[in-house]
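Here is the structure we will look at, set down as structure tokens.
The values are calculated or read from the model by the stated rules, or taken from the named source; none is laboratory data. Not measured: the values here are computed from a predicted model. Glycine also receives a Cβ, built like all others from the backbone with ideal geometry; neighbour counts cover every protein chain displayed.
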Amino acid sequence: MTADRDRVFAAIAEIVGNIAGMDPAQLEPAYRIQDLDLDSMLAGEIIAQMERALDVDVDFRAIADDWSTLTLGDLVTQFQQGAGRGSRTAR
């Protein structure tokens, strides 16, 4: 992973780890959301926390529609793409 991907993954691992009751250091990019027992009901909370932590806007529907099939690495990609659209505070 590049330094930016590492930073984004660290933020995602921290948030997902806290919500899932797991040690963020144990999470890997290849872990699937469904394997972490994070159902779609938690998607909104996780996405909102990640948007705040990373100061980006993402397409919630694109993530939520594929929630159970995504990996943590997929979330990194989604949030990096959101960063390319600009920050939440700049809007």
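Summary of values
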| quantity | calculated |
| --- | --- |
| Matching helices (runs of 4 or more DSSP H) fully within the chain where at least 3 residues are at pLDDT 90 or above | 3-20, 40-54, 72-84 |
| Residue within the stretch 16-32 that is small (G, A, S) and surrounded by 13 or more Cβ atoms within 10 Å (Cβ to Cβ) present | yes |
